[in-house]
Amino acid sequence: MLLRSTWDYVERPAAFLDWLEALPVPVFNSPDTVRWNSDKRYLATLDAAGVAIVPTQFVSGAELHQRLGSFGRDTVIVKPAVSASARGTWRGQADDPTFQVRVRALSADRCYLLQPYVAQIETGGEWSLIYLAGAFSHAVLKRPAAGDFRVQSAHGGRVAAADAPAGLRAQAGRVMQALRPLGLPMPLYARVDGIVVDGTFQLMELELIEPALHWFADPQSPGRMARAIAQRLEGDVSATDVGV
């Protein structure tokens, strides 16, 4: 079974993961991979493995207001550790009373990501590099609507095919390579999302569950996906795990 449009799993994540584990057929990406990727605290694991991520604190809702104090008057991003499509993601000035009220209203027993706002999302856009069975396939560049920071189309964001420079591909490739020591199978499909800050690719999210893979950006990419699926179903993992 190929997971492709489970965008509402964040509403009942535990039930979704239990259902996934009970399926009597092969699932791509694998249930173990999906479980690991369903909570954005996986970013801490990749950070520890040497992957450059957007600086992130992982904070319970009960601690968020206190942690905001360390940002002074800076603009910050707050997002749930389990979310999709920018649901529940807020941008605000750390010392703004209205923003602080919104933060205080968040669930105390959930985990959140607290990040400095990185303006490059507006000036340079967000890169998405798509990998099929571990090999780079194609890339797009996403930009938010004027005055916004969210690149999703539901929020007015725009996406266009783009040629990822060699240096960017090399840095994104290291994200994929970091998966090997974790004991997870190489994903059938992956989308590496991030921004470039002073020449360094900073990972925002590694999408392994239900990402839009932007087939429009490369007419050959659906064929590559079909071949990768066929090879996985035949059990020939080595033929598709070709590296980055």
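The values are calculated or read from the model by the stated rules, or taken from the named source; none is laboratory data. In this text the structure is predicted, and so the values were computed from the model without any measurement. All Cβ positions, glycine included, derive from the backbone under ideal geometry; neighbour counts span all protein chains shown.
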- Note on the structure: LEU184: passes all of (1) in contact with a strand residue (DSSP E or B) (Cβ under 7 Å, 6 or more places away or on another chain); (2) in a loop (DSSP other than H, G, I, E, B); (3) closer than 24 Å to PHE58 by Cα but (1)
- Message: Please verify whether ALA94 is surrounded by 17 or more Cβ atoms within 10 Å (Cβ to Cβ), outside the structural domain of GLY156 (by TED's automatic domain parsing), modelled with pLDDT of 95 or more and of a type in the set (A, V, I, L, M, F, W, C), treating the condition exactly as stated.
- Response: yes
- Item | Verdict on VAL78 being in a strand (DSSP E or B), over 26 Å from LEU168 (Cα atoms) and touching a residue at least 40 places away in the same chain (Cβ under 8 Å) | no
- Which one of these does LEU68 not meet: (1) at pLDDT 95 or above; (2) of a type outside the set (Gly, Ala, Ser); (3) touching a Leu at 6+ places or on another chain (Cβ under 8 Å)? (1)
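Given the condition without any contact (Cβ under 8 Å) to a residue 12 or more places away in the chain, out of contact with any Pro (no Cβ under 6 Å at 6 or more places or on another chain) and not aromatic (Phe, Trp, Tyr), answer yes or no: does some residue in the stretch 28-37 qualify?
Step one: of the stretch 28-37, the residues without any contact (Cβ under 8 Å) to a residue 12 or more places away in the chain are none.
Scanning the stretch 28-37, I find no residue that is without any contact (Cβ under 8 Å) to a residue 12 or more places away in the chain, out of contact with any Pro (no Cβ under 6 Å at 6 or more places or on another chain) and not aromatic (Phe, Trp, Tyr), so the answer is no.
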- Message: I'd like the full set of residues that are in contact with a Phe, Trp or Tyr (Cβ under 8 Å, 6 or more places away or on another chain) and in a loop (DSSP other than H, G, I, E, B), limited to the stretch 146-174.
- Response: PHE149, ALA162, ALA164
- Note: among LEU46, LEU23, just one is within 25 Å of MET186 (Cβ to Cβ), modelled with pLDDT of 95 or more and either assigned by TED's automatic domain parsing to the domain that holds ILE229 or among the charged types (D, E, K, R) (or both), namely LEU46
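Determine whether ASP193 is out of contact with any Pro (no Cβ under 6 Å at 6 or more places or on another chain), of a type outside the set (Phe, Trp, Tyr) and in contact (Cβ under 8 Å) with a residue 40 or more places away in the chain.
Working: out of contact with any Pro (no Cβ under 6 Å at 6 or more places or on another chain): yes; of a type outside the set (Phe, Trp, Tyr): yes; in contact (Cβ under 8 Å) with a residue 40 or more places away in the chain: yes.
Judged against the criteria, ASP193 is a match.
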- Only unsatisfied item for TRP36, checking (1) aromatic (Phe, Trp, Tyr); (2) surrounded by 17 or more Cβ atoms within 10 Å (Cβ to Cβ); (3) closer than 29 Å to PRO181 by Cβ; (4) in contact with a strand residue (DSSP E or B) (Cβ under 9 Å, 6 or more places away or on another chain), is (4)
